[in-house]
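The structure appears below as structure tokens.
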Amino acid sequence: MCFTTTTGRPTVLLLHELPDKTRHVDWMIAQDPRGRDPLITFRLDERIDQLAQGERTTARRIADHRSLYLNYQGRIGLDRGSVTRLARGVVVSGRLEHESGLLEVHWVTAAGGGRRQSLRLDRRGPCDWLIWPISVPDRGEGNEPDDRP
């Protein structure tokens with residue numbers, strides 16, 4: 001799961017609703033610029049694209065997913081529920097290693113606008129990670145980078 005990029009890699013946030021009515025967010029990141037290889041996938045309790053400065057969320061690293069999920073919405077076979085796209089974007093730069101990462105993401109809205117977000121990722125256990133924004137430049141003045149966990 002290591003990569004360093006200076007070229008864009010597609011990313012997507014999907015709301016995964018299960019048959020038992022529980023739900024979570026899946027964050028998928030392409031391992032290659034064209035989004036053809038399996039997707040690095042984290043299971044989240046909440047959307048990371050809407051985290052404000054100072055907020056943090058936990059993530060669980062789960063198995064890589066097929067690249068078709070970059071563009072798929074709808075029912076998932078084998079009674080696994082359905083997925084709905086919440087956000088899509090591009091990891092424009094950064095690195096993700098075994099123990100930590102720093103990613104610059106450009107989230108794109110349906111209307112064609114977008115926002116940039118720098119995310120810090122720190123591994124806390126075999127599959128558990130902590131994620132937080134270290135800068136959110138489009139939320140106004142006074143957003144100094146904060147690198148503290």
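Computed from the coordinates by the stated procedures, all read-outs in this text should not be read as laboratory data. Note that the coordinates shown come from a computational prediction; the quantities given were computed from them, not determined experimentally. Cβ sites come from the backbone with ideal geometry, for glycine too, and all protein chains shown count toward neighbours.
Before moving on, here are some points about what is shown:
- Rounded to whole numbers, the Karplus 3J(HN,Hα) couplings from phi for segment 52-61 are 8, 3, x, 7, 9, 9, 9, 9, 10, 6 Hz, using 6.51 cos²θ - 1.76 cosθ + 1.60 with θ = phi - 60°, and x at Gly and Pro.
- On full extension, the segment bounded by residue 43 and residue 64 gains 6.5 nm, given 0.36 nm per residue less the C-alpha separation.
- Stokes-Einstein, applied to the Kirkwood radius of segment 3-137 over Cα pairs at a viscosity of 1.002 mPa s and 20 °C, places its translational diffusion at 143 µm² s⁻¹.
- Spin-label pair residue 72/residue 97, simplified geometry with 7 Å Cα→Cβ offset, distance in nm: 3.3
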